[in-house]
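First comes the structure, then the notes that go with it.
Quick note: the coordinates plus some simple rules give every number you see, no bench work behind them. Please read all numbers here as calculations on a predicted model, not as lab measurements. Every residue, glycine among them, receives a Cβ derived from its backbone with ideal geometry; neighbour counts consider all protein chains shown.
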Amino acid sequence: METKALIRKRMLAFRDAMPPSERALKSRRIAELVMGHPAYRRAECLLCYAGYKSEADTFFLMGQALKEGKAVYCPKVVEAVPAKHQMEFYRIRSLEELEPGYRGIPEPPVSPDRLFTQTGETGENNLMILPGSVFDKNGNRIGYGGGYYDRYLETHTGIVRMGICFDFQVAETVPVDRYDWKMDMVMTENGIRFDG
């Protein structure tokens, strides 16, 4: 089996080559399918990455969630001790609050009163939308190599995890390490590809 790094490189090159018009069309379809899913409908809090470069765009999804009165949180990379960076989620009240941050990725403003704190006993009212370079048909994910989401989920268990990507990013199987977090579901423009 190929290494994670090789799979990631090959898939991201393919994704980067997608025409912007096709990306926009498929991103909108993914957002519509996410919004129709029971996990989204019952969620009070949406933890969602801000689409960047060739990722499936999430701005329409976040905009709709805000209109529906859901609490929307976006990730912010923060320095940690030891020197490894980590990620926290901060609430946004509008899409205009997002500004280029770590590596140019749109990030929310930092404010202690907007920091995500897990609510609910089961976690079912918290839905996280995760990006990735590749997912497989068993719900496994290859991210971008930084481990941010895996580290975050280590200390924020119980959040419902939905990976979203374009359909060609779903492989039969990918290598898995012991610290990798599996998705509860994977959604593409063609619908659910994994639902654990």
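Could you work out the helix-only [θ] at 222 nm for the chain, with each DSSP H run of four or more residues adding -39,500 (n - 2.57) and the total divided by the number of residues, to the nearest 500 deg cm²/dmol?
Using -39500 (n - 2.57) per qualifying helix, the result is -8000 deg cm²/dmol.
What net charge is computed for the residues neighbouring GLY145, neighbours being all others with C-beta under 9 Å from the C-beta of GLY145, Lys and Arg scored +1, Asp and Glu -1?
Here the charged neighbours net out to +2.
Cβ under 14 Å from GLY104's Cβ, GLY104 left aside: what net charge do those residues give with Lys, Arg +1 and Asp, Glu -1?
0
Assuming R0 = 35 Å, what is the FRET efficiency of LYS53 and ASP195, from their Cβ-Cβ distance, to the nearest 0.05?
Efficiency, from the Cβ-Cβ distance: 0.80.
Could you work out the Rg to Rh ratio of the stretch 4-195, with Rh taken as the Kirkwood radius (inverse of the mean 1/r over all Cα pairs)?
0.93
So how do 126-132, 51-57, 63-69 stack up, highest first, on mean other-Cβ count within 10 Å?
The densest-packed peptide leads the list: 126-132, 51-57, 63-69.
Measure off 7 Å from each Cα along the Cα-to-Cβ vector at LYS137 and PHE14, then give the distance between these two points in nanometres to one decimal.
1.4
How big, on average over all directions, is the shadow cast by the Cα convex hull of the stretch 12-65, in nm²?
3.9
Quick check: from the Cα gyration tensor, does the stretch 57-96 come out rounded (a/c under 1.5), prolate or oblate?
Prolate, since a/c reaches 1.5 and a/b exceeds b/c.
Between beta-carbons, use under 9 Å as the cut-off and find the net charge around VAL77, counting Lys and Arg +1, Asp and Glu -1.
That sum, taken over residues with Cβ under 9 Å, equals -1.
Between their Cα atoms, which of LYS26/LYS182; LYS9/LYS182; LYS4/LYS67; LYS4/LYS76; LYS4/LYS70 are more than 32 Å away from each other?
LYS4/LYS67; LYS4/LYS70
What aspartates and glutamates sit close enough to LYS137 to cross-link, taking a C-alpha to C-alpha distance under 20 Å and skipping anything fewer than 8 places away on the same chain?
Qualifying aspartates and glutamates at Cα under 20 Å: GLU2, GLU55, ASP150, ASP167, GLU172, ASP177, ASP180, ASP184, GLU189, ASP195.
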